[in-house]
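Single-structure report; data block below.
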Amino acid sequence: MQRNLILLGAPGAGKGTQAQKLSALWGIPQISTGDMLREARRQGTALGQKAQAFMDAGKLVPDEVVIGLVEERLGRPDTREGVILDGFPRTIPQAEALDRLMAKLKREPVWVLAIDVPEAELQLRLGGRRSCPKDNTPYHVKFNPPRQIGKCDQCGAELFQREDDRPEAISKRFAEYQNKTAPLVAHYGTRAKRVDGTGALDAILERIQRALVG
Ligand code: AP5
Ligand code: MG
């Protein structure tokens, strides 16, 4: 059976952290639109340049840009057994576009899971996050430190702090989340399962798996 999972959650909820674990466990790719856009910026592509100002200001990139990106990615053969969507969809038009695309590609069922974390904890998480530029593993200086300070455990690359993890951009990202993304939980209705995203990383992973089978 295919496993297609949409991970919803505020900035810092742990979508990337849990998506990487699920991807390793299930052997299917994580598709993070945030990581894809950051990679496009590093490569200096036209799409990356277009996304840059939106991202650094903590605003969502226009729907047509990310929908095109996801459509292209889902057309690749490694997605046939399923995908973990991390950070997409983020708006109702994106959710509608995804429904059409998955039906066209016969990639169903699609599970939806929302990770809940209180805002005070999200602030602490984003403030101390460090990310790997090569494999996108998220770390935290205190809550999830790498074995060697400033270096990725998997590939040894120098960790960096995201441009949008500055306080002004963080507030804007929360506002965008409340206005445009939080309504997706209601949009998906009973299809959306919710899990408590606080506590140890592996305990959350177990909660996610239980929520999906239950
Ligand atoms: P994106 O990269 O998706 O950022 P985001 O949604 O703001 O989410 P984050 O990546 O910040 O958080 P996360 O939930 O992945 O948490 P993580 O696992 O890293 O998007 C960035 C930008 O790109 C957007 O603002 C927008 O401009 C654009 N964009 C992307 N997708 C788009 C779309 N579909 N439409 C339009 N625009 C789009 O964890 C966070 C920290 O917490 C880490 O330090 C981690 O180590 C730590 N942590 C994780 N779990 C725990 C735990 N249980 N306890 C303690 N610490 C923890
Ligand atoms: Mg992320």
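Values quoted throughout were computed directly from the atomic coordinates according to the rules given, and no laboratory measurement underlies them. Remember, predicted model here, so these are calculated numbers, not experimental data. All Cβ positions, glycine included, derive from the backbone under ideal geometry; neighbour counts span all protein chains shown.
Could you give the alpha-carbon Rg of the range 58-151 over 2.2 N^0.38 Å, rounded to two decimals?
In units of the 2.2 N^0.38 Å rule of thumb, it is 1.33.
Filter the DSSP H helices in the chain by two things, a Kyte-Doolittle mean of at least -0.5 and an axial alpha-carbon span of 24 angstrom or more, and list the hits by number.
Numbers: long enough: none.
Membrane-span-like by this rule: not one helix.
Residues with amide H under 5 Å of D153's amide H, sequence separation 5 or more or different chain, H placed in the peptide plane at 1.01 Å from N; which?
R147
Suppose R0 equals 22 Å. What FRET efficiency, 1/(1 + (r/R0)^6) with r the Cβ-Cβ distance, do A175 and Q49 give to the nearest 0.05?
Values: r = 24 Å, r/R0 = 1.11.
In this case the efficiency is close to 0.35.
What number comes out for the charge environment of L74, summing +1 per Lys or Arg and -1 per Asp or Glu over other residues with Cβ under 12 Å away?
+4
Taking amide H positions as placed 1.01 Å from N in the peptide plane, with prolines and chain starts having none, which residues 5 or more places from S32, or on another chain, fall under 5 Å of its amide H?
For S32, the qualifying residues are D86.
So for the range 103-214, averaging the separation of alpha carbon pairs under 8 Å that are six or more residues apart and normalising by length, what relative contact order in percent results?
For the range 103-214, the relative contact order is 32 percent.
Across the range 87-196, how many lysine pairs, 8 or more apart or on two chains, come within less than 30 Å at their alpha-carbon atoms?
Value for the range 87-196: 15.
Straight-line reach from K50: which lysines have Cα under 17 Å away, leaving out those fewer than 8 places along the same chain?
Here the lysines satisfying the reach criterion relative to K50 are K59.
What is the chain by shape, rounded, prolate or oblate, if you read a ≥ b ≥ c off the alpha carbon gyration tensor as root eigenvalues and call it rounded for a/c under 1.5, prolate for a/b larger than b/c, and oblate otherwise?
Judged from the Cα gyration tensor, the chain comes out rounded (a/c under 1.5).
Just want to confirm a number: the relative contact order over the range 1-112, from Cα pairs under 8 angstrom separated by 6+ residues, in percent.
Here the relative contact order equals 49 percent.
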